[in-house]
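Written out below as structure tokens is the structure these notes cover.
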Amino acid sequence: MTQVAHPHWIAVDWGTSHLRAFAMGPGGEVLARARSGDGMGGLLRDDFEPALLRLIEPWLGAGVVPVLACGMVGAKQGWHEAPYVTTPCKPGEAAPITPTTRDPRLALHILPGVRQNRPADVMRGEETQVAGVIAEQPQFDGVLCLPGTHSKWIHISAAEIVSFQTAMTGEMFALLSGQSVLRHSVSGDALDHDAFDSAISETLSRPERLAQALFGIRAQSLLHGQSAAQARGRLSGLLIGAELAATRPYWLGQQVLVGGAVDLVALYARALAAQGVPVQTRDAEFLTLAGLCLAWKSLSESRH
């Protein structure tokens, strides 16, 4: 973490497993970054403020510094609940809640998540990445795919979140590769792209055979010497293929932007390209910071 004298404001992305903070200059430039493992999942309500202070203390002076936070910090189990905004909505214009803090140097603002009533779905943090897309491309009309533990497919039009859909693909991959019988077959980090491509095509064609195809990974390893990289590629392809089959209305014939971790974004872009879908790609941090800056601009204008 870098020592910074008097940031104009502090941007915070607070997820379930990690806390990320950014010291921001008046023009939206990042002066310094800091992160810790103090995610929402490991904190009690009274732990949030000390966790944040441990991270940003070197950035604080005697005056008050605004802190604008997104993500699970606003969940029921978070620092303070920020009620959901209902779709359709403009995420860049959502009003944050402003809970009090014990430390007088902090002026805390927490952005709300977004809810969809039918079919029921929720998001916290991803709406800020949607705002990042809108900040970069105000006329964007298409779909934002945010792969991860819980992948989001979000329809954006007229600078609004119109609808969205969530798939538990990342969590299923973690559970199957770490706790199921498949853990014996998919060890390591290497991933065979040919096996991935084949599994994508197979599951898109016959998604109803997913459960059977998954056990086939173990059988192929036992009987035919399938390598760990091939098994891992196949597991990833089967699960992402099932996700693409379920979300076909969100990507077929649409303008698609995929944002997230570089390696995961590359897999989704590869899978979509095989279906003839060209995609834009962005880094998750880029989208989050762009969205927080847009929200900061809206908050600043409302205060004057």
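A single member of P96, P50, P91, P104 is surrounded by fewer than 21 Cβ atoms within 10 Å (Cβ to Cβ), under 22 Å from C293 (Cα atoms) and of a type outside the set (D, E, K, R), and it is P96.
I'm trying to understand the selection: among the residues of the stretch 151-201, which are surrounded by fewer than 17 Cβ atoms within 10 Å (Cβ to Cβ), assigned to a helix (DSSP H, G or I) and among the small types (G, A, S)? Listed by number, the residues that qualify are A174, G178, S201. Scanning the stretch 234-279 for residues that are of a type in the set (V, I, T), assigned to a helix (DSSP H, G or I) and crowded, with 19+ Cβ neighbours inside 10 Å turns up I240, V265. Here are some residues: A69, A51, A34. Which one is modelled with pLDDT of 95 or more, in the same structural domain as T98 (by TED's automatic domain parsing), touching a strand residue (DSSP E or B) at 6+ places or on another chain (Cβ under 7 Å) and more than 18 Å from T100 (Cα to Cα)? Among A69, A51, A34, only A34 is modelled with pLDDT of 95 or more, in the same structural domain as T98 (by TED's automatic domain parsing), touching a strand residue (DSSP E or B) at 6+ places or on another chain (Cβ under 7 Å) and more than 18 Å from T100 (Cα to Cα). Among the residues in the stretch 35-42, are any more than 21 Å from the chain's Cα centre (by Cα) and either over 14 Å from L68 (Cβ atoms) or not small (G, A, S) (or both)? No, the conditions are met nowhere in the stretch 35-42. Residues of the stretch 51-64 include none that is of a type in the set (A, V, I, L, M, F, W, C), free of Cβ contacts under 8 Å to residues at least 60 places away in the same chain, within 30 Å of R118 (Cα to Cα) and not in a loop (DSSP other than H, G, I, E, B). Evaluated against (1) modelled with pLDDT of 95 or more; (2) not in a helix (DSSP H, G or I), H304 falls short on exactly one condition, (1).
Assess whether V73 counts as being crowded, with 20+ Cβ neighbours inside 10 Å, of a type in the set (V, I, T), touching a residue at least 40 places away in the same chain (Cβ under 8 Å) and assigned to a strand (DSSP E or B). No, not satisfied. Taken over the stretch 1-50, the residue count meeting the criterion of being part of a loop (DSSP other than H, G, I, E, B), of a type in the set (A, V, I, L, M) and closer than 23 Å to E127 by Cβ is 1. Of all residues in the stretch 241-267, those that are within 13 Å of G142 (Cα to Cα) and modelled with pLDDT of 95 or more have Cβ atoms under 7 Å from Cβ atoms of residues that are part of a loop (DSSP other than H, G, I, E, B) and not hydroxyl-bearing (S, T, Y), 6 or more apart or on another chain, in W251/V277; Q255/D141; V256/V277; V258/P147. Restrict the check to the stretch 266-274 and report whether at least one residue is within 30 Å of W9 (Cα to Cα) and under 17 Å from the mean Cα position of the chain (by Cα). No, there is no match, as no residue in the stretch 266-274 is within 30 Å of W9 (Cα to Cα) and under 17 Å from the mean Cα position of the chain (by Cα). In the stretch 136-171, the qualifying residues are those that are of a type in the set (S, T, Y) and modelled with pLDDT of 95 or more, and the one that is nearest to C293 (Cα to Cα) is S157.
The values are calculated or read from the model by the stated rules, or taken from the named source; none is laboratory data. As the structure is a computational prediction, the values presented were derived from the model and not from experiment. Positions of Cβ are generated from backbone atoms using ideal geometry, with glycine treated the same way; all protein chains shown enter the neighbour counts.
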